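K.L.:
Questions regarding the structure given below will be posed in turn.
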Amino acid sequence: MIRESKKSAEETKKLLEKVRSREWGLLLLDEVHVVPAKQFEQVILNVSAHCKLGLTATLLREDDKIDHLNHLIGPKMYEANWQELQRAGFLANVQCAQVWCEMTSEFFAEYIRSTTDKRVQETLWTMNPTKFRYCQYLVKYHEARGDKIIIFADNLCALKRYADILKRESIDGSVHEAERKRILSTFQFDANCNCIILSKVGDTSIDIPAANVIIQVSSQYGSRRQEAQRLGRILRPKARSDNEFNAFFYSLISKVKFMKLKLIIF
């Protein structure tokens, strides 16, 4: 893979020059929704091609740049209906559920005291003990069914804590490529490994077709594309009976129960 960067190595620069110096017949772009990003856009503008074809399962961005694809690549030519693909058996039949997890009294009290510190509040709603108990129950339930489970935790503190208590292997940005491949291969093919924990590095570019359950502990709140990408981890077609769900996506959400507070002034 090559990309435009001020820190590009000399070999990468030479390769880029070769790419720029010729006229290409077809420029094929996977995950085309990332093209409007500045670094990728510069590459597109410097490569000549008679035809450009973009592919993506998530034509979404949280900024206003998705329309830039019209002049960078061209208009949208085809969009498959995912419900039709699901009915035809090309995609798994997924049940999505939001699981509301009430904060414990201790965590709630600290949450109220930390109204000016959003980072502390985020840590509290992510590490909510009730959320962990729900996660623990879901892991036990789905492992007993023989399912393959991915727990997603963007918050690295939560990821390491869940991995430690649940005694499951985890992958984040600090895990080397060889170790990542070992963990993913074990998860895919070993019947004794049915649950792994991933940070947002698992949102894209991983191939684990055996996975059929996602438990989302923390995420980039409000990111439609991230949830769509994560949903894609369990959409591979799977054996099923008619009208039965064969994949499950749980999003665990901390519930803050506001109570009447008595203000006492000393």
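K.L.:
Return the long-range amide H neighbours of residue 248 (sequence gap of 5 or more, or a different chain), with a cut-off of under 5 Å between placed amide H atoms.
P.N.:
95, 213, 214
K.L.:
Per the helix-only calculation at 222 nm, which mean residue ellipticity applies to the chain, given -39500 (n - 2.57) for every DSSP H run of n ≥ 4 and division by its residues, nearest 500 deg cm²/dmol?
P.N.:
-10500 deg cm²/dmol
K.L.:
Ok, one more. Pull out a ≥ b ≥ c, the square roots of the eigenvalues of the alpha-carbon gyration tensor of the range 28-143, then state rounded if a/c is under 1.5, prolate if not and a/b is larger than b/c, and oblate in the remaining case.
P.N.:
Oblate, since a/c reaches 1.5 and b/c is not below a/b.
K.L.:
Mind listing the phi-derived Karplus ³J(HN,Hα) values for the range 103-110, rounded to whole Hz, using 6.51, -1.76 and 1.60 with θ = phi - 60°, and x for any glycine or proline?
P.N.:
Karplus-based 3J(HN,Hα) across the range 103-110 equals 5, 5, 4, 5, 5, 5, 4, 5 Hz.
K.L.:
A further question on this structure: Among 185, 114, 21, which one shows the highest mean-square fluctuation when the chain is modelled as a Gaussian network with alpha-carbon springs under 10 Å?
P.N.:
In this elastic network of the chain, the residue with the biggest mean-square fluctuation among 185, 114, 21 is 21.
K.L.:
Could you work out how far apart the two model spin labels at residue 156 and residue 106 are, taking each label as a point 7 Å from the Cα in the direction of the beta carbon, and quote it in nm?
P.N.:
2.6 nm
K.L.:
Moving on to the next point. For the Cα atoms of the chain, what angle does the longest principal axis make with the long axis of helix 10-20, in degrees from 0 to 90, nearest 10?
P.N.:
60 degrees
K.L.:
Rounded, prolate or oblate: which one fits the range 165-218, using the alpha carbon gyration tensor with axes a ≥ b ≥ c (rounded when a/c is under 1.5, else prolate when a/b beats b/c, else oblate)?
P.N.:
rounded
K.L.:
Write out the trypsin sites (Lys or Arg not before Pro) in the range 149-179 meeting two conditions: DSSP loop, and at most 14 other Cβ atoms within 10 Å of their Cβ.
P.N.:
167
K.L.:
Check which residues have an amide H placed less than 5 Å from residue 27's amide H, if you skip close sequence neighbours.
P.N.:
Result for residue 27 returns 51, 52, 53.
K.L.:
Which residues' amide hydrogens lie under 5 Å from the amide hydrogen of residue 198, considering only partners 5 or more residues apart or on another chain, with H built in the peptide plane?
P.N.:
The list, which skips near neighbours in sequence, is 151, 152, 153, 171.
K.L.:
I've got another one for you. Give me the extension gain from residue 64 to residue 255: residue separation times 0.36 nm, minus the current Cα-Cα distance, reported in nm with one decimal.
P.N.:
65.7 nm
K.L.:
Quick one: what are the phi-derived ³J(HN,Hα) couplings along the range 189-204, Karplus 6.51/-1.76/1.60 with θ = phi - 60°, whole Hz, x for glycine and proline?
P.N.:
10, 9, 5, 8, 10, 10, 8, 10, 10, 10, 7, 5, 5, x, 5, 9
K.L.:
If you don't mind, there's one more thing I want to ask. At a 1.4 Å probe radius, carbon and sulfur cover how many percent of the accessible area of the chain?
P.N.:
54 percent
K.L.:
If I take every Cα pair under 8 Å that is 6 or more residues apart in the chain, average their sequence separation and divide by the length, what percent do I get for the relative contact order?
P.N.:
22 percent
K.L.:
For residue 23 and residue 189 in the same chain, what is the full-extension length gain: residue separation times 0.36 nm, less their Cα-Cα distance, in nm?
P.N.:
Result for the pair: 55.4 nm of gain on full extension.
The values are calculated or read from the model by the stated rules, or taken from the named source; none is laboratory data. Keep in mind that this is a model prediction, so the values were computed, not measured. Backbone-built Cβ (ideal geometry, glycine too); neighbour counts: all protein chains shown. Side chains included, ligands, DNA and RNA excluded: accessible areas come from the protein's heavy atoms. Shrake-Rupley method; radii C 1.70, N 1.55, O 1.52, S 1.80 Å.
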